[in-house]
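Coordinate-derived values only; no laboratory data. Every value quoted in this text rests on a predicted model; they were computed, and no experiment measured them. FYI the Cβ positions are ideal-geometry reconstructions off the backbone, even for glycines, and counts take in every protein chain you see.
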Amino acid sequence: GDLATAGERLVEAVSVAVKVQDMPVLASAVIAAADLAAAKADPACGAELLGGAIVVRGTPDVGNESVERLTPLLVERLGPEAFAAAHARGEGRSRDQVLEVLKTVLDHPLVVWPSGSITERLEALGAQDWEPKAGIRHDN
């Protein structure tokens, strides 16, 4: 597909998800960014973002078609060990660190990144113990 158009749409999705702090939607955008990174011939970044999406969402997105499609593709491109290492690197990051990786893929001036960390903003909203559960929407 058209990578520029995909990137623009992803920028819009990330901007909205960051603004409203909807972690499941932001995690979906991180998965889409992993797909974009893979399409831009950066499979290691793609694998890292797949791991990072778990951190952002708070749990693996079991059954996500994009994850199921991307994982074997990235394993094939990187090899099992390199994929596992990159994925683990993403899972080892904080939400804010995942956003930093995401910024490198979406280097675009229209993305409005929050001041302060996502963690700080969630805490300010009274969500200190915020633990997303699969299939449950967490609104404040």
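Taking one equal scatterer on every alpha-carbon of region 1-86, how large is log10 of I(q)/I(0) by Debye at q = 0.22, 0.24 1/Å?
-1.05, -1.19
May I ask you to compute the full-extension gain from Val20 to Glu65, defined as 0.36 nm times their residue separation minus their alpha-carbon distance, rounded to one decimal in nm? Walk me through the numbers on the way to the answer.
Values: separation 45, 0.36 × 45 = 16.20 nm, distance 2.45 nm.
Between Val20 and Glu65, full extension yields 13.7 nm more.
Compute the relative contact order of region 7-52 as a whole-number percentage, counting only Cα pairs closer than 8 Å that sit 6 or more residues apart in sequence.
Values: 33 pairs, mean separation 13.7, N = 46.
The value is 30 percent.
Would you mind putting 82-93, 31-42 in packing order, based on average other-beta-carbon counts within 10 Å, highest first? Let's see the in-between values first.
Working: 82-93: 17.7, 31-42: 20.4.
Averaged packing, sorted descending, gives the order 31-42, 82-93.
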